[in-house]
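Visitor: Okay, handing you the structure first.
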Amino acid sequence: MGTEAKKKTNSITKLFDSFSEGGVLVALVVLCIVIGCINPVFFSLKNVIKVLRQFSSIGIIAVGGAFVIVTGGIDLSVGSFMAFGAVGTAKLVSMGVEPVLALLIMLALSALCGLLSGIIIVKLSLNPFIVTLAMMNIISGATYLISNGIPIAFNNYLNFLGGDAAGIPVAIFVMLIIMVLGHVVLSKTEYGRKVFAVGGNAKAAKLSGINVHKVKCSVYAMTAALACLTGIITCANLSSGDVSTGSGYELNVIAACVIGGCSLDGGQGSILGVFIGAAILGVIKNGFVLLRIPASWQTITIGIVIILACVLDQINRKKK
């Protein structure tokens, strides 16, 4: 029996070694079980869909955030790009621009602004934290100029992005599609390998022929576009473009990535891990509501979880 037990333990260990997201997945399962035992409503289909809808916005942007962090960067401007996408699209539509064209224009503008952040970072060798913080303020100011701080009505066929399809929010489908695409690109393509190489050792990547500057610029452009898309989905859901859209999302996105196993030192991370990290944030927020715990404790708990995730990441890196 002792030998069989050891074999089972070894097989489980190998399983988790091959599945790097195993630890956070276990944490998510335990968290769900605890909340569900206290309040069975948590496991109802209606609530599960609600949880998925709640963290879908974070999940979409976190795909781009994962690419940025894997390269060793950070992006604090995503919340502002959400508001920019929501307000800008609503404004263009109110001026008579075709909704789809308005959406494409805002995605392109956001990607260009994200690209600009990347160019400044790589060409001037500036800290991504400072550059994206500055871009956050620039985009936020531009959003206020567009709307004068007043919500802009948004009522057209694009509102389906904020609605339901077969009883399931469209935002969930969008998140899943982007997650799958992000996973394939990051783990199965040459571009994804370049992203990991740049984050692992930029100098070595450059010597091997990788255009490090191009890779870094591209991930900031991608993240800005995804944040803009998320803002448009939020705008469609609320039927209004508001400057307050996306407030505080930059920290939630970073939290989802870090909890999901993305190392802030770069060179490590996965989209599946990011999905689990975003799910943990969604479950914590939903659980606190069901258990009637004050909202302020959500922020405290998430902060503690982020610190623990960073500590575990450092421990794992030292072991390696």
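The values are calculated or read from the model by the stated rules, or taken from the named source; none is laboratory data. Not measured: the values here are computed from a predicted model. Reconstructed Cβ throughout: ideal geometry from the backbone, glycine too, with neighbour counts over all protein chains shown. Ligands, DNA and RNA are stripped out before the accessible areas are found, and what is left, the full protein with its side chains, is counted by its heavy atoms. Shrake-Rupley method; radii C 1.70, N 1.55, O 1.52, S 1.80 Å.
Visitor: Between Ala86, Ala62, Ala142, which gets the highest mean-square fluctuation from a Gaussian network model of the chain, Cα cutoff 10 Å?
Guide: Ala142
Visitor: Hey, in the chain, which Cys have no second cysteine's beta-carbon closer than 4.7 Å?
Guide: Cys32, Cys37, Cys113, Cys217, Cys228, Cys235, Cys310
Visitor: Take the cross-link list Lys46/Lys194; Lys188/Lys318; Lys188/Lys214 and give me the ones stretching past 29 Å between alpha-carbons.
Guide: Values: Lys46/Lys194 41 Å; Lys188/Lys318 27 Å; Lys188/Lys214 19 Å.
Going by Cα-Cα distance, Lys46/Lys194 fall outside the 29 Å limit.
Visitor: Just grab the label-to-label distance for Leu145 and Ser125, each label 7 Å out from Cα along the Cβ direction, in nm (one decimal).
Guide: That separation, rounded to one decimal, is 3.2 nm.
Visitor: Something else: Pull out the extension gain between Val180 and Thr301, defined as 0.36 nm times the separation in residues minus the alpha carbon to alpha carbon distance; nm, one decimal. Each step should come with its number before you reach the end.
Guide: Details: separation 121, 0.36 × 121 = 43.56 nm, distance 2.89 nm.
The Val180-Thr301 span can extend by a further 40.7 nm.
Visitor: Leaving out ligands, DNA and RNA but keeping every protein chain, what accessible area does Leu124 have, in Å² rounded to the nearest 10, with a 1.4 Å probe?
Guide: Accessible area of Leu124: about 110 Å².
Visitor: Could you tell me which residue out of Ala202, Ser117, Ile307 lies farthest along the dipole of the chain toward its positive end? Charges go on the beta carbon: Lys and Arg +1, Asp and Glu -1, centred on the Cα centre.
Guide: Ala202
Visitor: If you find the alpha carbon centre of segment 111-156 and of segment 227-242, how far apart are they in angstrom?
Guide: Their Cα centres are 16 Å away from one another.
Visitor: In a Gaussian network model over the chain where Cα atoms closer than 10 Å are linked, find which of Ser56, Ser296, Ser117 has the largest mean-square fluctuation.
Guide: Ser296
Visitor: Something else now. So, with +1 on the Cβ of K and R and -1 on the Cβ of D and E, and no other charges, what is the size of the charge dipole of the chain about its Cα centre, to the nearest 20 debye?
Guide: Numbers: 22 positive and 11 negative charges, 195 e Å.
Roughly 940 debye, rounded to the nearest 20.
Visitor: Please find the FRET efficiency linking Lys318 to Val26, where r is the Cβ-Cβ separation and R0 is fixed at 35 Å, and quote it to the nearest 0.05. Display every interim value, and only then the final one.
Guide: Numbers: r = 22 Å, r/R0 = 0.62.
Taking R0 as 35 Å, the efficiency between Lys318 and Val26 is 0.95.
Visitor: Rounded, prolate or oblate: which fits segment 87-159, taking a ≥ b ≥ c as square roots of the Cα gyration tensor eigenvalues, rounded meaning a/c under 1.5, else prolate when a/b beats b/c? All intermediate terms of the calculation are to be shown ahead of the outcome.
Guide: Working: a/c = 3.81, a/b = 2.02, b/c = 1.89.
Here segment 87-159 falls in the prolate category.
Visitor: Rank Asp313, Asp265 by accessible area, highest first, at a 1.4 Å probe radius? Each step should come with its number before you reach the end.
Guide: Numbers: Asp313 25, Asp265 90 Å².
Largest accessible area first, the residues go Asp265, Asp313.
Visitor: I'd like to check one number: the per residue accessible area of the chain, probe 1.4 Å, reported in Å² as a whole number. Provide the component values of the computation, followed by the final result.
Guide: On the way: 15700 Å² over 320 residues.
Here the residues of the chain average 49 Å² of exposed surface.
Visitor: Still on this model: More than 24 angstrom separation, counting every C-alpha pair in the chain; what % is that? The partial results should precede the final answer.
Guide: Numbers: 28360 of 51040 pairs.
Cα-Cα pairs of the chain separated by over 24 Å account for 56 percent.
Visitor: Under unit Cβ charges (Lys, Arg +1; Asp, Glu -1), what dipole magnitude, rounded to 20 debye, does segment 110-235 have relative to its Cα centre? List each step's numbers first, then the result.
Guide: Details: 8 positive and 2 negative charges, 138 e Å.
With only Lys, Arg, Asp and Glu charged at Cβ, the dipole is about 660 debye.
Visitor: Something else about it: What are the radius of gyration and Dmax of segment 47-140, computed over its Cα atoms and given in Å?
Guide: Rg then Dmax for segment 47-140, in Å: 15.1, 48.
Visitor: Farthest toward the dipole's positive end in segment 184-269, which of Gly246, Gln268, Ala256, given Cβ charges of +1 (Lys, Arg) and -1 (Asp, Glu) about the Cα centre?
Guide: The one lying farthest along the dipole's positive direction is Gln268.
Visitor: For segment 32-70, list residues with backbone N below 11 Å from a point placed 7 Å from the Cα of Ile293 toward its Cβ?
Guide: Under cut-off, by backbone N: 35.
Visitor: Considering only protein heavy atoms, what is the solvent-accessible area of Cys310 at a probe of 1.4 Å, reported in Å² to the nearest 10?
Guide: Here the accessible area works out near 40 Å².
Visitor: Take each uninterrupted DSSP H stretch in the chain, measure its Cα extent along the helix axis, and return the ones at 20 Å or beyond whose mean Kyte-Doolittle hydropathy is at least 1.6.
Guide: Values: long enough: 2-18 (24 Å, -1.02); 22-38 (24 Å, 3.03); 45-70 (34 Å, 1.47); 78-94 (24 Å, 1.29); 99-123 (35 Å, 2.35); 128-147 (28 Å, 1.51); 170-188 (27 Å, 2.42); 212-238 (40 Å, 1.20); 271-290 (28 Å, 2.11); 296-319 (35 Å, 0.73).
Correct list, ordered by number: 22-38, 99-123, 170-188, 271-290.
Visitor: Calculate for the chain the 222 nm mean residue ellipticity that helices alone would give, adding -39,500 (n - 2.57) per DSSP H run of length 4 or more and normalising by residue count, nearest 500 deg cm²/dmol. Kindly include the intermediate steps, with their values, before the conclusion.
Guide: Values: 13 runs with 240 residues, N = 320.
Helices in the chain give a 222 nm mean residue ellipticity of -25500 deg cm²/dmol.
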